[in-house]
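The values are calculated or read from the model by the stated rules, or taken from the named source; none is laboratory data. Note that the structure is a prediction, hence the values are computed from the model and not measured. No Cβ is skipped: glycine too gets one built from the backbone with ideal geometry, and neighbour counts run over all protein chains shown. Areas reflect the complete protein model, heavy atoms only, side chains present, ligands, DNA and RNA absent. Shrake-Rupley method; radii C 1.70, N 1.55, O 1.52, S 1.80 Å.
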Amino acid sequence: NRKSDKSDTPAHQSDQDLGTFHSGAQQVKIVCRDYQFVDGDRVAVLVNDEVVVPSIWLTETWSSFYLPLKKGFNRISFKALNQGSSGPNTASFTVYDANNNVLYTNEWKINTGFKGTLLLIKL
């Protein structure tokens, strides 16, 4: 008798909660790249479920962009648009505050359509 449990699903086949962070910054800097074989992985970035960066092609070099923060809740999601030529999507992300302090950093392996979401609460 097997119990069905979400933990049975491999991490790359489900959405990922990346945690909750607090900051007083007006904006954050996000840098990302493909940390494994560069095979055409692409991601989109959403803030509070609105697409703010429709597509980033992940390469071996870091791509960076800034996201303005609204007071209160800023739900920042990184969505895998594809898995390149050798899945899953392999992205590395770092989020910096205005003083260049790392708020969050992670590498992931995730399948197309799934996303990793962090909650950034602007004080």
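Overview of results
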quantity	calculated
Top-ranked residue of region 85-95 - restricted to ones that are touching a strand residue (DSSP E or B) at 6+ places or on another chain (Cβ under 9 Å) and more than 15 Å from I56 (Cβ to Cβ), ranked as most open to solvent (accessible area, probe 1.4 Å)	G87
Residue list for region 96-105, filter: at negative phi and either of a type in the set (F, W, Y) or surrounded by fewer than 16 Cβ atoms within 10 Å (Cβ to Cβ) (or both)	Y96, A98, N99, N101, V102, Y104, T105
Considering residues of region 54-72 that are closer than 15 Å to V95 by Cα and part of a strand (DSSP E or B) only, the residue least open to solvent (accessible area, probe 1.4 Å)	L67
Every pair of residues 6+ apart whose Cβ atoms lie under 6 Å, when the first sits in region 46-59 and is touching a residue at least 60 places away in the same chain (Cβ under 8 Å) while the second is in a strand (DSSP E or B)	L46/S77
Some residue of region 17-32 being farther than 22 Å from N100 by Cβ, part of a loop (DSSP other than H, G, I, E, B) and either open to solvent by 60 Å² or more (accessible area, probe 1.4 Å) or aliphatic (A, V, I, L, M) (or both)	no
